[in-house]
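I have placed the structure first, in the form of structure tokens, so that the comments after it can refer back to it.
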Protein chains: 2
Amino acid sequence: MEDSAHPKRAVTVADVAKAAKVSKATAARVLGSYGVVSAKITDRVMAAAAALEYRPNELARSMSTGRSGIIGVVVGDIENAFFSLAVRGISDAARLAGFNVIIANSGEELDAEKSAVDLLIGKRVDGLIVTPARCDSFDHLQHVRRAGVPLVLFDRAVPELDADAVTGDDREAAIAATRYLIGQGHRRLAYVSAMDAEDGGLTDIGRISNSAVRERVEGFVSVLTEAGLPNPLRYVRLGATNQQQTDGVIKHLLSDSAAPTALLASDSLVGLRIFKSLQSLGLSIPKDVSMISFLDADWTSVTVPPITIVDQRVYEMGKLAGERLIARIERTPLAVERLRVSTSLIVRGSVATIGR
Amino acid sequence: MEDSAHPKRAVTVADVAKAAKVSKATAARVLGSYGVVSAKITDRVMAAAAALEYRPNELARSMSTGRSGIIGVVVGDIENAFFSLAVRGISDAARLAGFNVIIANSGEELDAEKSAVDLLIGKRVDGLIVTPARCDSFDHLQHVRRAGVPLVLFDRAVPELDADAVTGDDREAAIAATRYLIGQGHRRLAYVSAMDAEDGGLTDIGRISNSAVRERVEGFVSVLTEAGLPNPLRYVRLGATNQQQTDGVIKHLLSDSAAPTALLASDSLVGLRIFKSLQSLGLSIPKDVSMISFLDADWTSVTVPPITIVDQRVYEMGKLAGERLIARIERTPLAVERLRVSTSLIVRGSVATIGR
DNA sequence: CGATATAAAGAGACCGGTCTCACGACATAT
DNA sequence: ATATGTCGTGAGACCGGTCTCTTTATATCG
């Protein structure tokens with residue numbers, strides 16, 4: 001019965017005003033809870049609103065106030081545990097401050113990232129958190145800043161860009177993991193990442209377009225160099241983007257006459273792929289080969305052996321990014337800051353002690 | 001330099017129109033690509049728009065067109081692999097049709113769900129996909145329908161509600177898994193779920209407020225009954241919401257003088273918790289106890305032994321839900337449908353054959 | 001060559017809120 | 001009794017698009 005009333009047009013302040021026999025302005029004051037209205041009239045308007053099932057049109061509200069109450073988040077891949085955890089951190093921070101979150105996926109592709117950013121700007125989000133797919137292309141991010149929209153970079157920094165960033169201490173993390181491996185007697189160490197690359201090999205660290213990966217490789221290389229090990233880039237591999245690619249990378253690495261004895265996985269997805277590769281090759285961890293992965297993902301603690309990992313505290317990173325963005329939204333004049341969240345090595349059972 | 005131009009006010013059609021020396025209406029026609037405009041003027045407007053870096057205000061656009069191009073998704077917990085996979089399916093379907101997605105988390109709590117739904121309706125989403133936390137409370141969902149907003153339920157159905165739903169074939173899935181266990185000689189089977197419950201035990205299946213869980217339990221019970229096993233509810237346990245709770249549940253189950261020989265986990269998170277519990281109790285799978293989990297999660301294929309699972313094809317479910325919603329948005333008069341996505345048992349190594 | 005059809009551009013209402021300003025009523029001050 | 005102030009309400013502009021209706025310029029036809 002009431003179902004068939006007016007299936008189409010939504011109830012507006014004007015409708016409520018008419019029903020309560022007051023002006024639109026007064027009804028709006030009550031419904032938007034601003035200005036001053038007498039208690040009597042307030043009640044009358046509230047009653048009318050309830051009877052009509054009035055729901056404010058947030059779009060209209062946003063348009064006149066200029067604030068949408070939404071923050072936009074552009075991530076590489078929500079399916080990746082790293083990002084879904086980060087998103088939870090961001091969401092929690094946002095909710096606490098009364099903001100809501102729109103998530104967009106870039107699939108780690110620059111074009112998708114650009115259009116996602118454009119879209120969110122178009123929706124007039126109050127601020128933006130972006131995980132830039134490439135740190136060497138940031139015109140679109142400069143547009144964001146020029147448009148006056150607060151921006152926080154996540155996980156990866158763009159030094160040339162005058163924007164806040166929340167990242168892990170990737171260099172230190174890689175250093176700690178690498179030192180640990182060397183301390184356990186390893187001398188031939190490989191680093192495997194999922195970054196796209198022309199050739200899979202690597203000649204120039206500076207060319208890595210993802211700052212997090214670049215810093216990790218730099219840390220990795222610096223430790224090898226400081227330990228006096230030759231040709232530190234020899235076992236650095238990119239392109240482990242899917243299981244098949246990873247199988248190829250691992251097979252190739254291990255068939256070397258001087259095969260690496262330990263593998264460092266750049267993220268938990270790569271780590272999982274490496275684990276599966278080794279499993280399918282019938283190799284035992286850590287007897288045949290040792291490994292360390294980034295991120296305390298689900299699977300790392302239930303394998304045999306459990307995987308030694310670099311714990312990234314992603315939830316905190318996300319929360320921090322959210323809080324930082326909100327601070328910037330609410331009181332704009334704020335100096336640019338680059339926050340680093342410390343990581344720690346969690347030693348489990350995937351690294352062997354060798355050579356003594 | 002250009003940075004300091006006008007850090008505040010955004011460029012509007014009126015600005016572009018002035019720059020191109022045409023009327024606002026004409027500029028709008030070009031920028032919104034509707035109506036007819038001569039090639040010459042089109043070029044002039046486009047040039048002006050490019051020079052001024054015009055970005056359309058989607059809010060304003062939505063307000064006059066009445067369409068936002070956004071579909072809202074309310075899930076239980078994005079961090080759960082089940083939902084993040086589903087969200088990808090939904091997003092993919094949405095993107096293909098030119099829609100974008102706002103995600104909101106309910107944390108499986110009714111109040112949070114209600115306010116998320118309200119929020120999204122307020123934002124004037126074109127449609128809504130909801131994973132109802134409880135199937136016995138749906139006033140808020142009826143509001144949605146009454147407001148004329150297309151709605152698709154996900155994973156769980158509400159029979160009383162006249163809305164589309166996409167679910168798994170939970171009853172059949174549970175039946176298949178249970179039959180398999182019985183076929184392997186198991187006679188004492190436990191079902192463990194994360195649903196909140198007053199007591200953890202269970203006296204009345206009808207009281208389970210999550211239809212997916214209820215159907216699974218029904219399937220489970222029906223097979224036990226048909227196999228002539230006594231007291232089928234004896235080993236059904238709810239409340240495995242975190243590791244500690246799960247440890248308690250498992251310890252209690254297994255300390256029974258007639259302890260179950262196989263455990264059925266209601267989702268992959270519960271499955272993981274059970275696995276860890278068993279591990280910490282020093283029990284071996286499947287020698288000491290067998291288990292089956294729902295969902296082909298990451299971790300299930302790298303454990304020793306790998307876990308036998310009920311594969312839910314969640315991505316397809318999400319995609320289907322997205323497509324269904326979009327169909328309903330674009331051509332409203334459509335009969336209500338309840339779609340079921342079939343599941344299949346993937347036998348790996350976590351179930352022992354016993355008793356013969 | 002004038003009448004009519006048609007294409008292109010302009011003027012302005014509208015969406016549903018917010019918010020400024022003006023106005024009337026009543027209280028207090030002088 | 002008149003001036004001043006405050007409070008509560010109403011009228012209407014505004015946000016930035018879309019879209020209808022009107023006007024103007026050009027083309028087609030008899």
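Failed condition for B:Glu58, given (1) more than 10 Å from chain A (Cβ to nearest Cβ); (2) crowded, with 17+ Cβ neighbours inside 10 Å, with all others met?
(1)
Cβ-Cβ below 8 Å, separation at least six or inter-chain, first residue in region A:51-69 and farther than 17 Å from B:Leu120 by Cβ and small (Gly, Ala, Ser), second modelled with pLDDT under 90 and near DNA strand C (Cβ under 8 Å from one of its atoms): which pairs?
none
Within the group B:Ala321, B:Ala327, which residue is under 22 Å from the mean Cα position of the chain (by Cα), modelled with pLDDT under 95 and in a helix (DSSP H, G or I)?
Answer to the check: B:Ala327.
Looking only at region A:50-65, filter to residues that are in contact with a Lys or Arg (Cβ under 8 Å, 6 or more places away or on another chain) and under 20 Å from B:Arg146 (Cβ atoms); which one of those is nearest to DNA strand C (Cβ to nearest atom)?
For region A:50-65, the residue satisfying everything is A:Asn57.
What residue, among those in region A:108-138 that are modelled with pLDDT of 90 or more and of a type in the set (Asp, Glu), is nearest to A:Glu215 (Cα to Cα)?
Checking each candidate, the answer is A:Glu113.
Could you check how many residues of region B:102-131 are within 22 Å of B:Val314 (Cβ to Cβ), in contact (Cβ under 8 Å) with a residue 60 or more places away in the chain and facing another protein chain (nearest Cβ under 7 Å)?
0
Can you pull out every residue in region B:17-35 that is more than 12 Å from B:Ala49 (Cα to Cα), surrounded by 14 or more Cβ atoms within 10 Å (Cβ to Cβ), within 9 Å of DNA strand D (Cβ to nearest atom) and not basic (Lys, Arg)?
The one that is more than 12 Å from B:Ala49 (Cα to Cα), surrounded by 14 or more Cβ atoms within 10 Å (Cβ to Cβ), within 9 Å of DNA strand D (Cβ to nearest atom) and not basic (Lys, Arg): B:Thr26.
Would you confirm, using the coordinates I've provided, whether A:Ser38 is away from chain B (no Cβ under 14 Å) and either surrounded by fewer than 17 Cβ atoms within 10 Å (Cβ to Cβ) or away from DNA strand D (no atom under 15 Å from the Cβ) (or both)?
Yes, satisfied.
For B:Val310, state whether it is within 16 Å of A:Ser301 (Cβ to Cβ) and either within 14 Å of chain A (Cβ to nearest Cβ) or at pLDDT 95 or above (or both).
No, not satisfied.
Quick check on region A:291-305: of everything there that is of a type in the set (S, T, N, Q) and not in a helix (DSSP H, G or I), which residue is farthest from the other protein chains (Cβ to nearest Cβ)?
Among residues in region A:291-305 that are of a type in the set (S, T, N, Q) and not in a helix (DSSP H, G or I), the one farthest from the other protein chains (Cβ to nearest Cβ) is A:Ser293.
Please work out if A:Ile307 is assigned by TED's automatic domain parsing to the domain that holds A:Leu278, among the aliphatic types (A, V, I, L, M) and buried (at least 17 other Cβ atoms within 10 Å of the Cβ).
yes
Counting just the residues of region B:335-348 that are touching a residue at least 12 places away in the same chain (Cβ under 8 Å) and either among the basic types (Lys, Arg) or part of a loop (DSSP other than H, G, I, E, B) (or both), which one comes out farthest from B:Ala177 (Cα to Cα)?
B:Val336
How many residues does region A:229-288 contain that are away from chain B (no Cβ under 14 Å) and in a helix (DSSP H, G or I)?
So the count comes out to 10.
Of all residues being within 14 Å of chain B (Cβ to nearest Cβ) and part of a loop (DSSP other than H, G, I, E, B) in region A:145-159, which is nearest to B:Val11 (Cα to Cα)? Just the residue, please.
A:Ala147
Looking at (1) farther than 27 Å from B:Ala104 by Cβ; (2) within 14 Å of chain B (Cβ to nearest Cβ); (3) at pLDDT 90 or above, find the lone condition where A:Phe99 falls short.
(1)
Somewhere in region A:52-70, is a residue in contact with a strand residue (DSSP E or B) (Cβ under 7 Å, 6 or more places away or on another chain) and either within 16 Å of DNA strand D (Cβ to nearest atom) or closer than 24 Å to B:Ala112 by Cβ (or both)?
Yes, some residue in region A:52-70 is in contact with a strand residue (DSSP E or B) (Cβ under 7 Å, 6 or more places away or on another chain) and either within 16 Å of DNA strand D (Cβ to nearest atom) or closer than 24 Å to B:Ala112 by Cβ (or both).
Quick one: which of B:Asp92, B:Asp118, B:Asp77, B:Asp43 is in the same structural domain as B:His140 (by TED's automatic domain parsing), among the acidic types (Asp, Glu) and either touching a Pro at 6+ places or on another chain (Cβ under 8 Å) or within 16 Å of DNA strand C (Cβ to nearest atom) (or both)?
Selected residue: B:Asp118, the only one of B:Asp92, B:Asp118, B:Asp77, B:Asp43 that is in the same structural domain as B:His140 (by TED's automatic domain parsing), among the acidic types (Asp, Glu) and either touching a Pro at 6+ places or on another chain (Cβ under 8 Å) or within 16 Å of DNA strand C (Cβ to nearest atom) (or both).
Which residue is nearest to the chain's Cα centre (by Cα), if the candidates are limited to region A:73-84 and must be buried (at least 22 other Cβ atoms within 10 Å of the Cβ) and within 10 Å of another protein chain (Cβ to nearest Cβ)?
A:Phe83
The values are calculated or read from the model by the stated rules, or taken from the named source; none is laboratory data. In this text, all values refer to a predicted model and were calculated from it rather than measured experimentally. Don't worry about glycine lacking a Cβ; one is built from the backbone with ideal geometry, like all the others, and counts go over all protein chains shown.
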